[in-house]
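One structure below.
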Amino acid sequence: MLRNVRASTVVGQVQKWLRFSRTASFQGMLTIPFILQVVAIVGLVGYLSHRNGQRSVEDLTNQLMDAVSKKIEQKLTSYLEPAQVVNQINSDAVRRGALNLDFDAPDTQLEKYLWQQMQLFRSLTWINLGTEQGSTLGAWRPSATQNVQLAISNPSTQYFGTYYDTNALGQRRTKLKIEKPAYDPRIRPWYKAAIAAKQAIWTPIYAGFTPGTIFVGASQPLYSPTGKLVGVSGTDISLLGIQNFLAQNLVSPAGQIFLIERSGLLVASSSQEKPFRLTLGRSPQRVNILDSQTPSTRTTAQSLLGQVKDFKTIQQSKKFYFASNHQGEFVKVLPFSMKHGIDWLIVIVVPESDVMAQIHAGTQTTTLLCLGALIGVIVLNTVISRWLVKPIVELSQASQKIAQGEFDYQVHAPNIRELSTLANSFNQMSQKLQQSQRQLEDYSHSLEQKVSDRTQSLEQEIQRRAAAETALQSANQTLQTLAYIDALTQIANRRQFDERLSQEWKRLKREQLPLSLILCDVDYFKQYNDAYGHQAGDDCLYKIAQALAHAARRPSDLAARYGGEEFVMLLPNTSVEGARDVAQQIQTHIQALRLSHQQSKVSQYVTVSFGIASVIPTESITPEQLLLKVDRALYQAKTEGRDRIIVH
């Protein structure tokens, strides 16, 4: 009786299990949750990896934009600064009378002066000197690989722009071309702007007189020693050089850099778009950034104005992210300004597709790997599930036999060890996936830290080198001043005179032109010191030195202290008659000083004796022989009674 009850219970349980098995597959119930778990974990790992990589690339992009912006600021400063420096040099030279703006006749010294300035300042394209009479003398560099050319417009050329090639010494060689119509500097933007401002300024960007040239220029009015306006010094810098530099320093392949004025007018662009647009029958018109023919430039400008409303409100560096036409852009805008009028904005654009290309490629690779891993897991899980289901199938068959009444049939229990191993495998797999996730995050953080440390190290090195270079330049300037300037009289010393004499001797020997020396000595200077004191003696020497310096009117003339109370004047390309005229000017200037000298035996005022010698340097004559001749002339002047000029 009891046996029959137990048998009925077992049969009922087996029947319930069979009804459940008809509605759901045990193999499916075992496989599907496992696959879903693997998909979720792999997807989460892939997503976190993508996000961390995206953040790292965005941070690196910002750092690269910062580095490029600093480089552009430094380049623009070094590129534009010489324009104002040259104008100031020319203004000082005209004001003190050392630079003559009479261009009606050829002036080789002035032409060489401009040529030398072009050699020193390589970023300049033009140096112009225009006069109130409408004459012009200029030097320009057609390209970085061509020689500097001289451009002359004066009555002798009927005011047509006449261009000459130059040799290695800055001298004219051949006439290259004549540009028509006549060129009048007084109506050009660079001349009119300086006259209107009455000070050094940056001119508006303008198209050059030569077709196809575009410049940003600096101008400064020139005044004579009496304060009269005599002309304008103008320097031009080609915008092509700025555009080429921008194109060579892009943050990414499809990136872009452009400069604009606060009004929105284009200055330069890495896309090589010109800031002027030519319209048939009209003069060249400036391009507004909102009307740019470069789609990415125009779109960026429109998005930027949507954020700031007006370009004039941008007073410090700002970064933006814009999304347009399903494409994102990283944008950095920073002001750039210089004294006398430059107020631009630097805009750096980096398309998101450029910096995210590697992330997208990594995502695709991760997706393919995940799909491969998923397929492998499905195959493996199917094999394992079949292997695990086999004992259950045997149990099902045994239950059917029991249902049929075969109660003596021995049922073998499934091997639980395999099921336990399966659970352990899942646990180990989960642990390995978690460990892989942690390793990826640790690697991402480590990479970000390394990039940050390296960038900081590079910035510190750049700052250290810049400080060292500035200190070295300052020290060199100080040493040069100490080495070549007499501390008492503030004119050239003996060392500078010896070097210049050697240089001019070699040059004039090649050109077979005269070289004259004036050697002068203060009469009865020892008695002057004894009577008036060394302080008065020093003051006397200083005033006489300034008289000599005043007489050195050409850039090549040199007044120097020869030793004690002796002074010397170096006059290249000057005849004996010219040297005598200079000596008489010095003598007249000293007499006008009326420095009292009661101990003098020739006058009640300080007087000076002069010796003059002049030669055309040859192989048979040395500079020492010229010095000996002028010394003898000075000795003769002192022997014959002092306060006179003797020519040897």
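The values are calculated or read from the model by the stated rules, or taken from the named source; none is laboratory data. Source: prediction; values computed, not measured. Here Cβ is always computed from backbone atoms with ideal geometry, including for glycine, and neighbour counts include all displayed protein chains. With ligands, DNA and RNA removed, areas are computed over all heavy atoms of the protein, side chains included. Shrake-Rupley method; radii C 1.70, N 1.55, O 1.52, S 1.80 Å.
Carbon and sulfur together cover what percent of the accessible area of segment 66-211 at a 1.4 Å probe radius?
The nonpolar share, carbon plus sulfur, comes to 53 percent.
Expressed as cubic angstrom per residue, what is the convex hull volume of the alpha carbon set of segment 484-601?
Output value, Cα hull per residue: 95 Å³.
Check the straight Cα-Cα distances from residue 629 and name the lysines below 27 Å, setting aside those fewer than 8 residues away within the same chain.
Excluding near neighbours in sequence, the set is 506, 509, 526, 543, 601, 638.
May I ask for the equivalent-ellipsoid semi-axes of segment 543-648, computed as the square root of five times each C-alpha gyration tensor eigenvalue and listed largest first in whole Å?
With the √(5λ) rule applied to segment 543-648, the semi-axes are 24, 16, 11 Å.
If I histogram all Cα-Cα distances within segment 210-256 using bins 10 Å wide from 0, what percent of pairs lands in each bin?
It works out to 21, 29, 23, 16, 8, 3, in whole percents.
How large are Rg and Dmax for segment 135-181 when only the alpha carbon atoms are used, in Å?
Rg then Dmax for segment 135-181, in Å: 10.6, 32.
Run a plain Debye calculation on segment 33-173 (Cα atoms as equal point scatterers, no solvent) and give log10 I(q)/I(0) at q = 0.10, 0.16, 0.19 Å⁻¹, rounded to two decimals, same order as the q list.
-0.51, -0.89, -1.11
Counting only protein heavy atoms and using a 1.4 Å probe, what share of the accessible area of segment 552-600 belongs to carbon plus sulfur, as a whole percent?
43 percent
From the convex hull of the Cα coordinates of segment 502-557, what is the mean projected area in square nanometres?
The orientation-averaged projected area of the Cα hull of segment 502-557 comes to 5.1 nm².
Could you do me a favour and compute the accessible area per residue for segment 81-209, 1.4 Å probe, result in Å²?
That works out to 47 Å² per residue.
Determine the distance separating the Cα centre of segment 119-140 from the Cα centre of segment 252-317; give it in Å without decimals.
30 Å
For residue 177, which lysines qualify as cross-link partners when the Cα separation must be under 29 Å and same-chain residues fewer than eight apart are set aside?
Excluding near neighbours in sequence, the set is 112, 192, 274.
Name the shape class, rounded, prolate or oblate, that the alpha-carbon gyration tensor gives for segment 223-368, where a ≥ b ≥ c are the square roots of its eigenvalues, rounded holds for a/c under 1.5, and otherwise prolate holds if a/b is larger than b/c and oblate otherwise.
The shape class here is prolate.
I'd like the distance between the alpha-carbon centres of segment 518-538 and segment 592-631, rounded to an integer number of Å.
15 Å
Apply the a/c threshold of 1.5 to the C-alpha gyration tensor of segment 179-244 and tell me whether it is rounded, prolate or oblate.
In terms of gyration-tensor shape, oblate.
Take each of the peptides 447-453, 608-614, average the number of other beta-carbon atoms within 10 Å over its residues, and list them starting from the highest.
608-614, 447-453
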